[in-house]
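The values are calculated or read from the model by the stated rules, or taken from the named source; none is laboratory data. Here the structure is a predicted model, which is why all the values come from computation and not from measurement. Counting neighbours? That spans all protein chains shown, and the Cβs are built from the backbone with ideal geometry, glycine included.
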Amino acid sequence: MIKKQLSDISKPIHGELLIFEKLFKDSIKSKGGLVDLIARYLLRQKGKKIRPLLVLLSAKVAGEINERTYRGAVLVELLHTATLIHDDVVDNADKRRGFWSINAVFKNKASVLMGDYLLARGLMIATEGKDFDFLGVITNTVKRMSEGELLQIQKTRKLDIDEETYFRVISDKTASLLETCCQIGALSSSDNPQFHEAMRVFGEAIGITFQIRDDILDYEGSSRLIGKPVGGDIKEKKITLPLIYSLKQVPTKEAARIRKMIKSGTDNDGVNEIINFVREHKGIEYALETAHSYSEKAREALKVFPGSQSKDALEALIDFIIERKN
C-alpha cells in the first residue's frame, strides 16, 4: 500500500527519478575494491527515495528540473546514506531495510570510513558543479544533525527532555535534512527568494510531522504493521511527545515513577503499562493534533506556488505522511 501511494505521488517526476537513480549509482562507484563492494551492497537496499523525490518535486514546483537539480538530489541522498551507515554503527544495528547492515557485514571500521567516503563524494560533486549555495546549506545541515543526535543522547541519559527540547532535537536531527532537500530543489530551479523560503518552511514542517507520526506509531498498531516492535522507543529510553505530554498531566510523584521504570529498563509488561499510561492521559491525541498543525503549516507554505501536478503531489505527500501506518 505504501509503495503504491508513493508511486502515485512520484508520477509527475517518474522519468526524472529514473535519471536520478542512474546518476546516484554512478556517483558511488569507485576503483577501490572494498569501496565498490560495499557500494554494490548498498544499491541492493532499495529505500523509499523520499529525499530525492522531494528535491525533484521542489525544483519542478518552483521552476524546471535541470542538471543542478540532479546534482542536488544525488548530494542529499549521499548524505542521507552516509548518516544511516553511521547511525547503524552508533546503534550497533544488525539490520537495515531487511538486509544485514553494513557494519554487520563489513564491520565498524569499514562502515565509518564508507560513510565518510559517501559524504566526501557528495561534497566533491557540489564543488565540481560550482554549487556553492548547496554547500552552504548542506554543511549547516550536517552540523544540525550532529547536534540533534548528541542532544538526544544527552537527554536520554538524564531522561529530562521537555517539549521545547524535543522539538529542537527532531528539528535538527530529522527535519533539517528534509528542509534541505526542499530548499536545494528550489535553489536549483529558481532565483526567487520567496520560493526558496517557502520550500524551506515546507520541508521543515513535513519533517517535524514525519517524526511526530513516527513517535506516535511507537504507541499504537502492531509490530507486523509498522515493521518495528511497539514500545521500541520506551525500551531504548527515548521520551517522545506522547509521553512528554502525558507526564505533564500527572503529579510529580507519578511522573517520577514512570521515568524510573524507563530508566531501570522494563520488560513487556512494563512497556504495556507505559503505553496504557500514555493512552489514558491522551498523549497520542495531543501528538496527533500537533502533527496536524505542522502539516497545515506545510500546506500553507505551498500557497505561493501556482497550481501544477507537482504542487498536487507535494500536497498528497503531506497526507501520506500524516496518515502513514509504518
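Things worth noting here:
- For the condition within 26 Å of Val61 (Cα to Cα), in contact with a helix residue (DSSP H, G or I) (Cβ under 6 Å, 6 or more places away or on another chain) and aliphatic (A, V, I, L, M), Ile208 qualifies.
- Filtered residues of region 54-73 (kept if under 17 Å from Ala298 (Cα atoms) and in contact with a Phe, Trp or Tyr (Cβ under 6 Å, 6 or more places away or on another chain)): Val61, Ala62
- In region 268-326, the residues that are assigned to a loop (DSSP other than H, G, I, E, B) and out of contact with any Leu (no Cβ under 7 Å at 6 or more places or on another chain): His281, Lys282, Phe305, Pro306, Gly307, Ser308, Arg324
- Among the residues listed as Thr252, Thr290, the single one being among the polar types (S, T, N, Q), in contact (Cβ under 8 Å) with a residue 12 or more places away in the chain and under 25 Å from Gln154 (Cα atoms): Thr290
- Residue identified as surrounded by fewer than 20 Cβ atoms within 10 Å (Cβ to Cβ) and touching a strand residue (DSSP E or B) at 6+ places or on another chain (Cβ under 8 Å) among Asp94, Asp36: Asp94
- Hits in region 49-78 - residues which are in a helix (DSSP H, G or I) and surrounded by fewer than 18 Cβ atoms within 10 Å (Cβ to Cβ): Glu67
- From Lys109, Lys130, Lys143, residue being part of a loop (DSSP other than H, G, I, E, B) and free of Cβ contacts under 8 Å to residues at least 24 places away in the same chain: Lys130
- Candidate set: region 170-199, residues that are farther than 17 Å from Leu75 by Cα and charged (D, E, K, R); chosen: the one nearest to the chain's Cα centre (by Cα): Lys173
- Annotation: of all residues in region 5-31 being in contact (Cβ under 8 Å) with a residue 60 or more places away in the chain and over 23 Å from Ala316 (Cα atoms), the one that is surrounded by the fewest Cβ atoms within 10 Å (Cβ to Cβ) is Ser30.
- Positions within region 146-181 being buried (at least 21 other Cβ atoms within 10 Å of the Cβ), over 22 Å from Leu247 (Cα atoms) and modelled with pLDDT under 95, in sequence order: Lys173
- The criterion of being at pLDDT 95 or above and closer than 25 Å to Gly283 by Cα does not hold for Ile184.
- Residues that are over 24 Å from Arg299 (Cβ atoms) and either touching a residue at least 40 places away in the same chain (Cβ under 8 Å) or in a helix (DSSP H, G or I) (or both) are absent from region 171-184 altogether.
- Residues of region 76-100 that turn out to be among the small types (Gly, Ala, Ser) and in contact with a Ser or Thr (Cβ under 8 Å, 6 or more places away or on another chain), as a count: 1
- Count of residues meeting criterion [farther than 17 Å from Ser111 by Cα, among the small types (Gly, Ala, Ser) and part of a helix (DSSP H, G or I)] in region 11-48: 2
Residue by residue, here is whether (1) of a type in the set (A, V, I, L, M); (2) at pLDDT 90 or above; (3) crowded, with 20+ Cβ neighbours inside 10 Å; (4) on the phi > 0 side of the Ramachandran plot holds:
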site	(1), (2), (3), (4)
Lys228	no, no, no, no
Gly231	no, no, no, yes
Thr266	no, no, no, no
Glu273	no, yes, no, no
Ala287	yes, yes, yes, no
Val304	yes, yes, no, no
Ile321	yes, yes, yes, no
Lys325	no, no, no, no
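- Test: Arg200 is outside any loop (DSSP other than H, G, I, E, B), out of contact with any Lys or Arg (no Cβ under 6 Å at 6 or more places or on another chain) and over 22 Å from Ile284 (Cα atoms): yes
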